[in-house]
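Report on the following structure.
The values are calculated or read from the model by the stated rules, or taken from the named source; none is laboratory data. Since we're looking at a predicted model, the values are computed, not measured. Because the Cβ atoms are built from the backbone with ideal geometry, glycine has one as well, and the counts that use them run over all protein chains shown. Ligands, DNA and RNA are excluded from the accessible area calculation, which covers all protein heavy atoms including side chains. Shrake-Rupley method; radii C 1.70, N 1.55, O 1.52, S 1.80 Å.
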Amino acid sequence: MLRVAMMFVSSRAVAEEVVQEAWLGVLKGLDRFEGRSSLKTWIFRILTNTAKTRGEREGRSVPFSSLGGDAGDDEAPVDADRFFGDGHRWAGHWASSPRNPRDVPEERLLADEARQRIAAAIETLPENQRAVITLRDVDGFDADEACEILGISEVNQRVLLHRARTKVRSALGQYLDEEAAA
Amino acid sequence: MKWWQWSRRRSGPPQSRPEDISCREIVLIVNDYVEGALPVDEREAVEMHLNLCDGCTDYLDQLRISIELTGEVPTDPLAPEFEEELCFAFRSFTRP
């Protein structure tokens, strides 16, 4: 919840206050919960509304109004030099293929270090990408629920998720390359 | 006749032939494929490409593994004093 709140406000301290305020809102509003969405989605929806209000009061513009300001917009999912260039007979195909995960022993794949690499990659994502990947892949919400919670369109959700997962995959790919070379 | 001509159930525009999807393009849409968000013809084209391409199959495997590992990342613990405050709020809450 903190991670989601932090998208809308300026600091972790304010985000913690937002989470607390949201929980109080949940308690007060529980009688009005109609069961149209899951309780979890409803709670997160209250969280984002609380956070947005707080963010506006702080004079922060609400993110998600557009994809603008999203660092790495033009970034290719994979380094261009891993593909054959235009003019080559196999233009656009892998020149340097991704590592087959089975090249790395399973215990290294499941090692804490792999998860730490993933966590570190998530930390470096722009806030809106981080929020989407956290809701989807950490908290286990589906696409519709994530859209409802963040108040974003389906397309927007998909783009942000694609970018986030692509960067996290890239961190795993690097880890696999290093492990296979070790 | 080329294999892709008889393997396609209906004729589409030439650019939807699987051999025309490059690996560079696959990595741009493979997450939508995982999400089940591709139109049927594109999904079929991706699947045909994957059947023929080890590099993209390994890329997809990596993506799936990283999604799974993301689910195992521990979430931020709350600051202890904040957790205490929250528990206090719960305890002292009385129904309106």
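Label point 7 Å out from residue A:90 along Cα-to-Cβ: which residues of segment A:159-182 have amide N under 20 Å?
Output list for this probe position: A:177.
Round to a whole number: what % of the accessible area of segment A:70-182 belongs to carbon and sulfur, probe 1.4 Å?
About 44 percent, which is the carbon plus sulfur part of the accessible surface.
Select from A:165, A:117, A:36 the residue whose mean-square fluctuation is largest in a Gaussian network model of chain A (Cα-Cα springs shorter than 10 Å).
Of the options given, A:36 has the highest mean-square fluctuation.
With a 1.4 Å probe and every protein chain left in place, tell me how much accessible area residue B:52 has, in Å² to the nearest 10.
Roll a 1.4 Å probe over it and residue B:52 shows about 120 Å².
Roughly how compact is segment A:1-62, stated as its Cα Rg over 2.2 N^0.38 Å to two decimals?
Working: Rg = 11.6 Å, N = 62, 2.2 N^0.38 = 10.6 Å.
In units of the globular-protein estimate, segment A:1-62 measures up at 1.09.
Please report, in whole Å³, the volume per residue of the convex hull around the C-alpha atoms of segment A:105-182.
Working: hull volume 6.6 nm³, N = 78.
For segment A:105-182, the hull spanned by Cα atoms encloses 85 Å³ per residue.
Can you give the helix-only mean residue ellipticity at 222 nm for chain A, where every DSSP H stretch with n ≥ 4 adds -39500 (n - 2.57) and the sum goes over all residues, rounded to the nearest 500 deg cm²/dmol? Intermediate results must be reported in sequence, preceding the final value.
Numbers: 8 runs with 100 residues, N = 182.
Computed ellipticity for chain A at 222 nm equals -17000 deg cm²/dmol.
Evaluate peptide A:114-121: per residue, the Cβ atoms of other protein chains within 10 Å of its Cβ; return the mean as an integer.
Working: counts 4, 6, 3, 2, 9, 6, 1, 3.
Neighbouring Cβ atoms belonging to other protein chains average 4 per residue here.
Enter the accessible area per residue of chain A (Å², integer; probe 1.4 Å; all protein chains in place). Write out the running numbers ahead of the final one.
Values: 8990 Å² over 182 residues.
For chain A, the per-residue accessible area is 49 Å².
Normalise the Cα radius of gyration of chain A by 2.2 N^0.38 Å (N = residues in it) and let me know the number.
On the way: Rg = 19.6 Å, N = 182, 2.2 N^0.38 = 15.9 Å.
Against the compact-globule rule of thumb, the ratio is 1.24.
What list of ³J(HN,Hα) couplings, whole Hz, do you get for segment B:21-26 from phi and the Karplus terms 6.51, -1.76, 1.60, once you set θ to phi - 60° and write x for glycine and proline?
7, 8, 4, 4, 7, 4
Nearest 100 Å² is fine: what is the total accessible surface buried where chains A and B meet, probe 1.4 Å? If you can, show how the numbers build up before the last one.
Values: alone 10940 and 8000 Å², together 14920 Å².
Looking at A and B, the buried total is near 4000 Å².
Counting only protein heavy atoms and a 1.4 Å probe, tell me what percentage of segment A:1-62's accessible area is made up of carbon and sulfur.
Details: 1630 of 3120 Å².
It is 52 percent, rounded to a whole number.
Would you calculate the separation in nanometres between label points at residue A:10 and residue A:142, each defined as 7 Å from the Cα along the Cα-to-beta-carbon direction?
4.0 nm
Residues with amide H under 5 Å of residue A:95's amide H, sequence separation 5 or more or different chain, H placed in the peptide plane at 1.01 Å from N; which?
Counting only residues 5 or more places away or on other chains, the set is A:83, A:84.
Excluding residue A:104 itself, what net charge comes from residues whose Cβ is under 10 Å from its Cβ, given Lys and Arg +1 and Asp and Glu -1?
Details: positive: A:99, A:102, A:108; negative: A:103, A:106, A:107, A:177, A:178, A:179.
Summing Lys and Arg as +1 and Asp and Glu as -1 gives -3.
Comparing A:151, A:85, A:140, which has the greatest mean-square fluctuation in the GNM of chain A with Cα pairs linked when under 10 Å apart?
A:85
Report the relative contact order of chain A, percent, no decimals, based on alpha-carbon pairs under 8 angstrom and at least 6 residues apart. Walk me through the intermediate numbers first.
Details: 164 pairs, mean separation 43.2, N = 182.
Relative contact order for chain A comes out at 24 percent.
I'd like the residues of segment A:17-45 whose 1.4 Å-probe accessible area shrinks by no less than 40 Å² going from the isolated chain to the full set of protein chains.
The answer is A:20, A:23, A:27, A:31 - residues whose exposure falls by at least 40 Å² when every protein chain is included.
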